[in-house]
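Enquirer: Input: one structure, supplied below.
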Amino acid sequence: MIMFPFRQQVAEAENATFFTKEELNKLKADFKTGGVEKVTSLIEQKLSELDKPELNIAVTGESGTGKSTFINAMTGLQGSGDGAEVGLTEATMEPAGFPHPNFNNVCYWDLPGIGSIDFPADKYLKKMKFEKYDFFIIISACRFKENEAKLAKEIKRLGRKFYFVRTKIDADFDSMTKRGLAINEEIELERIRNNCCNNLRKAGFQTPSVFLISGFEQDRYDFNRLKEALEDDLPIIMKSIFVLAYPNRSVEIIQKKEKILRKRIWMLATLSGSVGAVPVPGLSFVCDIVILIAAIIYFRKCLCLDDSSLQRLASITNKPVKELKAVIKTPLLGEINKDTIVRLGWRTTVVAISAVEFALDFIPVIGSIFGAGSSFLMIYTILIDALKGLTEDAERVMKFAFGNN
């Protein structure tokens, strides 16, 4: 029988952290009492929720610590000319929001530097409306000082998460090299970390954790460890959005994205299956095409293979867009429409299943059973294959762009 067993869908749902334990129990119970039709509403609701929540991340600290550089690194706008303004003087006079270029519900906020003439510490906390932010990155370019400690205490009082980040580690090492000093990076990093932690302990933070980073050398020091800490502390749905918003700087990041997107596929396939169970000739095929087109376009955006993402990557790496596109093997880069879907290697699957489905639509009971199963199977198979190809291409583009061949 072609019908894809619902128990396998539930098994995949249990591996998909989008659902809470309570939601999974309800999913199983609803299926037992009402079949695929009854669980469709929960899945539709969950899909609509996945990209709705807003994530507002505040980046704060004293003037000149590298807040704008950090934001540009996290959004993938560094070097593209579209990011936060970087300079030696205080460029931010009001909280400046920088929505992620591909995910407008993820926004980094560059807050004015605390302790500047315009924003003395005693007035800063009230003016910045700290309640609106989900968590805070407190940045210092040297040791953490009294102003940063005041910030952290206020954030803690509000019940928000915060992270201490010590930037410009690369600049510290460059300065030491220019002065002719011999450098043991491991020893120096430990010295800098201890200095920061000691100052934070004096300010009342008993077990501070400090991340040492360079905004320009993201593959070194603690940048990846910081990303993992931010990711681990987020709620389930926000965690997936945060990961999908990462710039593609490593194979590991791309593989994390692929795992998240796989978890969406079975939900899309189940929705297709529920439409396939409706005995209206041709309805299932039309809906399946819409689902496929929307999903493939979304996958390209998440994997940074859309035109805008490739253009930004070209600006950052000084590689022509044509060269980036030349390493892409999937035929899914251009316009995606019904003809594209049919022309691809899935023609046999699409046409064969849809033809049988169309014929059986006139036999109410058998048609509904087969329609639900065949629609699920077609969407699931096609999207898994498409995601595999797009993921492999994202890895090829990343390695070519950053010289990781």
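The values are calculated or read from the model by the stated rules, or taken from the named source; none is laboratory data. Quick caveat, the model's predicted, so the values are computed rather than measured. Here the Cβ positions follow ideal geometry from the backbone for every residue, glycine too, while neighbour counts run over all protein chains shown. These area figures cover heavy atoms from the full protein model, side chains too; ligands, DNA and RNA do not enter into them. Shrake-Rupley method; radii C 1.70, N 1.55, O 1.52, S 1.80 Å.
Enquirer: Order of 194-200, 181-187 by packing, highest average Cβ count within 10 Å first? Kindly include the intermediate steps, with their values, before the conclusion.
Expert: On the way: 194-200: 17.7, 181-187: 9.3.
Sorting 194-200, 181-187 by mean packing, highest first, produces 194-200, 181-187.
Enquirer: A follow-up question, please. Ranked from highest to lowest mean number of other Cβ atoms within 10 Å per residue, what is the order of the peptides 56-65, 134-143, 167-176?
Expert: In decreasing order of mean packing, 56-65, 134-143, 167-176 become 56-65, 134-143, 167-176.
Enquirer: Pull up the cross-link candidates among the lysines for residue 145, meaning alpha carbon to alpha carbon under 21 Å and not fewer than 8 places away within one chain.
Expert: Within the straight-line cut-off, residue 145 pairs with 67, 123, 126, 127, 153, 156, 161, 168, 202.
Enquirer: Given H placed on each backbone N at 1.01 Å, which residues far from residue 161 in sequence or on other chains put an amide H within less than 5 Å of it?
Expert: Under 5 Å from the amide H of residue 161: 136.
Enquirer: Might you tell me the accessible area per residue for region 155-220, computed with a 1.4 Å probe and given in Å²?
Expert: 59 Å²
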